[in-house]
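Here's the structure we're looking at; comments come further down.
The values are calculated or read from the model by the stated rules, or taken from the named source; none is laboratory data. Only a predicted model underlies this, so the values are computations on that prediction, with no experimental measurement involved. A quick note on method: Cβ atoms are made from the backbone with ideal geometry, for glycine too, and the neighbour counts reach across all protein chains shown. For accessibility, only protein heavy atoms count, side chains too; no ligands or nucleic acids. Shrake-Rupley method; radii C 1.70, N 1.55, O 1.52, S 1.80 Å.
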Amino acid sequence: MANDSRRRSTPRRPRKPEKRKRRWLGRVLGWGVALVVLAAVGLFLAVAFTARSLPSYAALRASEHAQMIVVRARDGTEIVQLGPSYGEWLNSREIPQVMKGAMIAVEDRRFYSHYGVDPVGVLRSLWVRAREGRWRQGGSTITQQLARNIFLNNNRTFERKAREAILALALERKFTKEEILELYLNKVYFGGGAYGIDSASRLFFSHPATELSTPEAAIIAGLVKAPSQYSPTADAEAAVSRASIVLRLMAQEGVISPYEARNVDPETVRLKKDHGQNSVRYFTDWALPQLDMLLPNTFEPIEVWTTLDPGLQDAATAAIRNNAPSGAQGALVSMDRDGAVLALVGGADYVKSNYNRATQAVRQPGSAWKLFVYLAALEAGYTPDSAVIDKPVTIEGWTPRNSGGRYAGQIDLRSAFAYSKNTVAAQLGEEVGFGTVASMARRFGITTPVSTFPSMVLGASETRLIDMTRAFAAVSAQGRSVTPYGITKVTGADGSLLYRRQPEREQMLVAPYVAAAMTDLLQTAVSTGTGRAAQIGRPVAGKTGTTSSNKDGWFLGFSSGITTGVWMGRDDAKAVRGLQGGAAPARAFADFMRRAVAKRPVEQFQTELQLPEWQLEPDDETWFGNPDDYYFMDEDGNPVDPVRGDGWGRYEQGYGPGSGDDYDEDYRYRGNEPEEPRVVRPRDDYRGRNRAEPDRAPSAPPPPAANEDFLNRAIGRGDGGAPGTQGAPPSGTAAAPPRSRPMPAPTPVPTRIPVSPQSP
């Protein structure tokens, strides 16, 4: 018991908390040091290996990010330069000191004191991030920016930042500060496709970077933060405001004096006129993607020679801006007779909206679609003088009406087209077939879906302006296909020919007489119909188009080998007052075409075409082929050749020498004079066999057929007469004329029924 009480009364000695804390701190410190050492070793190894794998300075200097494209007009003048432009490479000693100082003051004021990563800048960035709740200030150095521009992308991830830091340390290990700054100033992006200070100086100030002034250097240095926002060509006011901040920072870092900073005015800098943000870009946006199909994959700088006429492009831009109603957009496409696009405008202002309404927008063409309706009718046998009736009609529950609500009764096809009679177009579409009209549209280059509902004859199917212009150009080309194109050749930086366009094989879309008749209708529409506002003092053929409530206005036409299409409307498809095709679009067409055809000779349209005999309609030859191949049946059902008859049918019918008529073509008699003998090739008869024709024309008519008296004498048969004399006619009596075999009456040729409803 005593032992137990003694044990209980003896207190335990508590462990000292300070000792446990020291042990814990020691362990943490030890592990921390170990981790730091490991991280340092890992970082050192990563930087060392990265530095060894970096390209040489010469390789980095020669590397480019993408392809530079110089676009030239049809006369060879440069109209725009796209893609990255690197200018001339400037060595460190050639770069103005003010340019170096401006860039360091703005982007990395401790550039010469850190080793690629600025710890102070990183901590400042983290502090601002914690205080503001979002990233507002970057901590990247010039070396880090160079690493990102050359090797990485702009993704905002910690992985990318870690790789960027390692690359920056490797760059600092491998290259000197001056080499890094030289690489940076020659490769950093300044907006507008300009990489490097020399390219930026030429783009914005029209001179090399070796001539940069202090305010110009401040403007360029201020672009790096946000090239698109502070670009002098996009927003000159923002560029000047940013340059003022740069000048103040330059004064703080001692690059320039405070006096100079106060007296330098960036507003006095003369900026180069921008040629890349006007309507020419609508053309290049359409043409240049075609290079993917024309050239193999290449990143070398190229020059693209195009069909664009700069003067006509300016005229097209002015025509749209001066005639488009308030709040409406406009588009224009003009092409030469071979499909070369001379001008292309896709909107009123490319800077405000680069959406290309000439090649991308699909809108209802209204009555301009009647081109395909009337082409189908003309091909089916109608002529401009065919009689049609303008009257109320209902087709499959659809009742079209004319624009004025009036009906003219019986008129000719020409007048119906000139005054855009909707009821006549509906009747024609029903007669030839709405599918036939859709096929005609496809044939002429319409690439958008085409419906076959009755209302399609009035332009219910949406289409593109460039496709409609192509269709009208094919009519101007007398029915031959026309393919729009914008690139004629492509050359390399050394002048080597990489591509040259070859003329495409033309296809006959409709017969020339159909195109001539269609031109007749189109010319009447301008001279006396709905398109009178498009007159320009020389022959013009064209058609207006207006959709319901004036949502779309069209005019398309041609003159002197140039075809032009104009569309106007709102992008939201709201109605616009004064947007009828015969109003604003027709006036814009006239304004442009007066300039386009000014130096071209006046050309009269070929609206009357003399066709070969086999192509005339209505006729029997169109139905039955060549007259030499006609066959008729006799009373026994045997075929008889009407040209020769049964042997010498035509001769026995009175044709031949001395008959006064042309003898059979195969024997080439003309009156009484035979032509020279000729060799005639065999040709197929109606059964598909070759029947040989004589190879020589006879010099005299064939002898008469042997009669019965001659046969009696030949065989010695007669009425008691001696052989050879029996049956002979008495002396002094004329011999009986030979009996000729009767020619079976030919079956009459059926008369062709005309396909055009020329009678009411």
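Hydrodynamic analysis of segment 369-492 uses the Kirkwood radius over alpha carbon pairs. Inserted into Stokes-Einstein at 4 °C and 1.567 mPa s, it gives a translational diffusion coefficient of 84 µm²/s.
Placing a label point 7 Å from the Cα of residue 594 along the Cα-to-Cβ direction, the residues of segment 540-582 whose backbone N falls under 16 Å from that point are 540.
In terms of accessible area, using a 1.4 Å probe and ignoring ligands and nucleic acids, 467, 314, 338 rank largest first as 314, 338, 467.
For segment 426-479, the Kirkwood estimate of the hydrodynamic radius, built from every pair of different alpha carbons, is 11.5 Å.
My understanding is that a pair violates if its Cα-Cα distance is over 19 Å; which of 100/187; 177/225; 352/551 do that in this structure? Write out the running numbers ahead of the final one.
Details: 100/187 14 Å; 177/225 21 Å; 352/551 21 Å.
Violating the 19 Å limit, Cα to Cα: 177/225; 352/551.
For segment 373-508, with all protein chains in place and a probe radius of 1.4 Å, 46% of the accessible heavy-atom surface sits on carbon or sulfur. Coordinate range of the alpha-carbon atoms in segment 528-608 per principal axis, descending: 41, 26, 15 Å.
The figure for residue 112 is an accessible area of roughly 130 square angstrom, using a 1.4 Å probe on the protein chains alone. Accessible surface area normalised per residue over segment 221-358 is 48 Å², counting heavy atoms of protein chains with a 1.4 Å rolling probe. Over all other residues within a Cβ to Cβ distance under 13 Å of residue 576, the charged ones net out to +2, with Lys and Arg as +1 and Asp and Glu as -1. Using a/c under 1.5 as the rounded threshold, could you call segment 455-513 rounded, prolate or oblate? The axes a ≥ b ≥ c are square roots of the C-alpha gyration tensor eigenvalues, and prolate needs a/b larger than b/c, oblate otherwise. The shape class here is oblate.
What is the sum of charges, Lys and Arg at +1 and Asp and Glu at -1, for the other residues whose Cβ falls under 11 Å from the Cβ of residue 251? Intermediate results must be reported in sequence, preceding the final value.
On the way: positive: 248, 262; negative: 253, 260.
Once all neighbours under 11 Å are counted, the net charge is 0.
When the solvent-accessible surface of protein heavy atoms is calculated with a 1.4 angstrom probe, in what order do 245, 180 fall, highest first? Each step should come with its number before you reach the end.
On the way: 245 60, 180 0 Å².
Final ranking, largest accessible area leading: 245, 180.
In terms of its C-alpha gyration tensor, segment 454-606 comes out prolate, because a/c is 1.5 or above and the ratio a/b outweighs b/c. Here the gap between residue 396 and residue 89, fully extended at 0.36 nm per residue and compared with their Cα-Cα distance, gives a gain of 103.2 nm. Were the residues from residue 326 through residue 237 laid out at 0.36 nm apart, the gain over their Cα-Cα distance would be 29.3 nm. For segment 240-326, a/c is not less than 1.5, where a ≥ b ≥ c are the root eigenvalues of the C-alpha gyration tensor, and a/b does not top b/c. That puts it in the oblate class.
Can you tally the net charge around residue 478? Count Lys and Arg as +1, Asp and Glu as -1, for every other residue whose Cβ sits under 11 Å from the Cβ of residue 478. Overall, the nearby charge balance is +1.
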